[in-house]
1. Between a residue in segment B:30-48 that is basic (Lys, Arg) and any residue that is within 9 Å of ligand 2 (Cβ to nearest atom), which pairs come within a Cβ distance under 9 Å, given they are 6 or more apart or on different chains?
2. Of the conditions (1) within 27 Å of B:Ala189 (Cβ to Cβ); (2) among the hydroxyl-bearing types (Ser, Thr, Tyr); (3) within 14 Å of chain A (Cβ to nearest Cβ), B:Ser141 clears all except one; give me its number.
3. Of everything in segment A:123-155, what is among the basic types (Lys, Arg) and at the interface with chain B (Cβ under 9 Å from one of its Cβ atoms)? Give them in sequence order.
4. Scan segment A:68-86 and tell me whether some residue there is open to solvent by 80 Å² or more (accessible area, probe 1.4 Å) and within 29 Å of A:Ile36 (Cα to Cα).
5. So how many residues does segment A:190-240 have that are more than 28 Å from A:Gln95 (Cβ to Cβ), of a type outside the set (Ser, Thr, Tyr) and not in a helix (DSSP H, G or I)?
6. Could you give every pair whose Cβ atoms fall below 6 Å, whose first residue belongs to segment A:65-78 and is basic (Lys, Arg), and whose second residue is open to solvent by less than 100 Å² (accessible area, probe 1.4 Å), counting only separations of at least 6 or pairs across chains?
7. Quick check on my filter: what residues within segment B:53-73 are open to solvent by less than 30 Å² (accessible area, probe 1.4 Å) and either of a type in the set (Ser, Thr, Tyr) or within 16 Å of ligand 2 (Cβ to nearest atom) (or both)?
Amino acid sequence: MVQYIDNIFYPKTEAVIISPTQLINTLKILSQGLGITISLFFIVIFLSIPLGLVLTFMSNSKLGIRTRRGAEIYPLRWLARGFVFLMRGTPLMLQLLFVYFGLPYIGIVLERFPAACVAFVLNYAAYFCEIFRGGIKSIDPGQYEAAQVLGLRKFATTIKIVLPQMIRVAIPSVCNETVNLIKDTALVTTLGLADLMHMTKSLVNSLANVTPFAVAAVIYMVLIFGLSKIFSILEKKTTY
Amino acid sequence: MMIQVNNIKKAFGDNRVLRGVTFGVERGEIISVIGPSGSGKSTMLRSLIGLERIDDGSIAVNGEKFVDNGVYVKEREMHRILSHSGMVFQHFNLFPHMSVKKNMTCAPVTNRLMTRAEAEEKCHTLLAKVGLADKLDAMPSSLSGGQKQRVAIARALMTNPDILLFDEPTSALDPELTGEVLEVMKQLAAEHMTMIVVTHEMGFARYISDRVIFMDQGVIAVDEKPEEVFAHPSNARLSAFLGAVHTKEAAN
Ligand SMILES: Nc1ncnc2c1ncn2[C@@H]1O[C@H](COP(=O)(O)OP(=O)(O)OP(=O)(O)O)[C@@H](O)[C@H]1O
Ligand SMILES: [Mg+2]
């Protein structure tokens, strides 16, 4: 596709400055890549935040089993913490390659895009889990005591007292993490997915002109600026 | 008996904090609990409402035991027995993300003890009673310490508790704000609310309460009427404690 565009619209040029028409065409082509970048972003956000929350509850779970030898095992907690350790202890790039190239060896074959989604969701869920866990830890124990003496049960306490206060504490770090996510999406280029980064690189190659790098930089910055705005509104809304 | 406590014991590791505490509280009685720091006052009070798990002994509320010789009843049962006890904390423990109204109506509405409309009406009445009718929609962060504590008391009253426990309700307040909280407590006393109050306010212990319990090293060393405790302290450690408090108050 890039070859085609190259021939029709972009006479090869050594110039660093490109014409307005070329700029518009550059934007058009890069915005094709934006589709993958943005859909990956939203899929990861919408799946990894709930999964991170589940991991948080698992990781705080007091569910214990006593073995016959008298040792205590906490299956949910250990599972969650082990998973988080694994995800944070290895590069996302490696996880991405493992899901796409490694899983087929155990019979799990995923297309490029679903593979990227799986790797990103698992990785980001681990980071969100740690953020949420920190938020919950920061809640004053007096809050639980007040809830208990008022007769609120555990579930109601979690929903009405713990989560709202946790979210308040977590918002800045969640914002940070989503900003990282936008930038990390560029890694899917390694799987050959035509995301914003991929389109930029091929355009630079075919144009023999580095301007698309600058355009891509601006696009990433605009996305991140928008995100930060949304989060600062959220932050204001949850201030008490 | 509103509350009957029998020989309760509690240790944190090797630290035996309660070493056999026994007392009873009649309906309508007001008990002040005094004693040196670390004597186990808070631990004892918190045990009465299930915030601490005791190792041994029994506690009954309204004739129903929720722990018998160190064995607790099932959680659901405990929840039911303790549903008519309320507690007010030193640091108020209001929910910071909820308005005053939400703070008060959240638990009773969630537990379906009343409809939202009933809860809101009750909330109005109680806020007026503690002199904060205009703070219905205020957030806790905008209130002074004294106002927060009055909201906390009103919140504890939402479910018409049979007994209210107070753990140093004025200790976190600036001296000029203790009066408004003590005033509300006096009002409750006049209405014959059963109260157990851990306090450093000797005025409250002396003039408002019906009985004073002096705790020392995990036991009740003295349990008498305030006149006896303050006029003729029978116990050397009590005299020393009162002397120290007196000196401190004089110094302030
Ligand atoms: N959760 C806990 N874990 C370990 N030790 C504790 C705990 N709570 C209380 N203690 C210890 O128990 C002892 C009694 O504490 P408690 O809070 O009941 O005393 P108190 O009479 O209320 O003192 P104060 O007047 O300072 O409030 C203290 O030595 C304290 O360090
Ligand atoms: Mg105490």
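1. Listed pairs, sorted by first residue: B:Lys41/B:Asp167; B:Lys41/B:Glu168; B:Lys41/B:Val198; B:Arg46/B:Asp167.
2. Of (1) within 27 Å of B:Ala189 (Cβ to Cβ); (2) among the hydroxyl-bearing types (Ser, Thr, Tyr); (3) within 14 Å of chain A (Cβ to nearest Cβ), only one is false for B:Ser141: (1).
3. A:Arg153
4. Looking only at segment A:68-86, we keep the residues that are open to solvent by 80 Å² or more (accessible area, probe 1.4 Å), and these are A:68-69, A:78-79, A:81, A:85-86.
From what is left, the residues that are within 29 Å of A:Ile36 (Cα to Cα) are A:85-86.
Yes, segment A:68-86 contains at least one residue that is open to solvent by 80 Å² or more (accessible area, probe 1.4 Å) and within 29 Å of A:Ile36 (Cα to Cα).
5. Number of matching residues: 3.
6. That search, which allows pairs on different chains as well, returns A:Arg66/A:Glu72; A:Arg77/A:Ser59; A:Arg77/A:Ser61.
7. Within segment B:53-73, just B:Ser58 meets the criteria.
Yes or no, residue by residue, for (1) assigned to a loop (DSSP other than H, G, I, E, B); (2) within 16 Å of ligand 2 (Cβ to nearest atom); (3) buried (at least 19 other Cβ atoms within 10 Å of the Cβ):
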| residue | (1), (2), (3) |
| --- | --- |
| B:Glu120 | no, no, no |
| B:Thr125 | no, no, no |
| B:Asp137 | yes, no, no |
| B:Leu164 | no, no, yes |
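The values are calculated or read from the model by the stated rules, or taken from the named source; none is laboratory data. Computed from a predicted structure; not experimentally measured. Cβ: placed from backbone, ideal geometry, glycine included. Neighbour counts: every protein chain shown. Surface areas here come from the heavy atoms of the whole protein model, side chains and all, with no ligands, DNA or RNA. Shrake-Rupley method; radii C 1.70, N 1.55, O 1.52, S 1.80 Å.
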